[in-house]
Amino acid sequence: MTTLIVLLAIFITASIIVSGVMYSRQQALAYRQSQLKSLKQKYEEINSLFQVIMRVDDSANIAISLNHAMIEIAQSMIKMDRKSEELRILLDNLKQRERDLKTGAILPQAQKTVTSDAAIGAIQRSLSECLQKLQRFKLRGSLPVPLYEEYSHHLREMALDVEVGSQLQMAESLVAQNDKAGAEKHFKHAREALKRTRLEIPNKNDQIRDISDKIKNLMRDGETQNRSQETQ
């Protein structure tokens, strides 16, 4: 009887230990999966910004910083899932892309004009989010303060270039379609963007004056057209 009690006690103790080990493993697995999910989300956020920068920028510097951040995230993911061949391939590709960006084998496209106000807004939001990411890099010490200041200024210049260039392009397109009211609206948006910026823009006053002249010409042409229609 005593032996049976001892064996039962041993069995219960072993069951508790095994259950504890299994629970700990499940907790560790759940933690790794949660961390991996968080890292993948951070990777996708930065990758989305990287794609925008590669489209609109004319320099690879910010793209290199974003790509390096993705390398660090990929390395952290591999620590969470060392058996993943997919993650290792991703890391190798990111490292190769970093080399290509630094050597100039890959260059941003510098496409700073879009064809709608919605597209302008989307790019400007992405550039603002990129600035926030760079600020975090600066705070954690992975981006030197002078570089952050340089990139911050560059991002603001790009945002202005996208807005002004796109508004002017849309205005000229509408002029060609004889849509004077629509063209005037976009010319005014471009002029206001230049007026409100605190950035030092070369020939800023000349650009504003040139846009104002185009608006005046449109208004004069519109008045002439109205008078012509009234006399018919």
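Relative contact order for region 40-111: what is it in percent, counting Cα pairs under 8 Å that are at least 6 residues apart? Write out the running numbers ahead of the final one.
On the way: 70 pairs, mean separation 32.7, N = 72.
Relative contact order comes out at 45 percent.
Put +1 on the Cβ of every Lys and Arg and -1 on every Asp and Glu Cβ in region 40-111; which of Met70, Thr103, Ser59 then has its Cα farthest towards the positive end of the dipole?
It is Met70, whose Cα lies furthest towards the positive end.
In whole angstrom, how far apart do the alpha carbon centroids of region 159-196 and region 91-149 sit?
Taking the Cα centre of region 91-149 as reference, the centre of region 159-196 is 26 Å away.
Given a 1.4 Å probe and the protein chains all in place, what does the accessible area of Arg196 round to, in Å² to the nearest 10?
150 Å²
The values are calculated or read from the model by the stated rules, or taken from the named source; none is laboratory data. Only a predicted model underlies this, so the values are computations on that prediction, with no experimental measurement involved. Here the Cβ is made from the backbone with ideal geometry for all residues, glycine too, and neighbour counts use every protein chain on show. The protein model used for the area step is the full one, side chains on, heavy atoms only, and it has no ligands, DNA or RNA in it. Shrake-Rupley method; radii C 1.70, N 1.55, O 1.52, S 1.80 Å.
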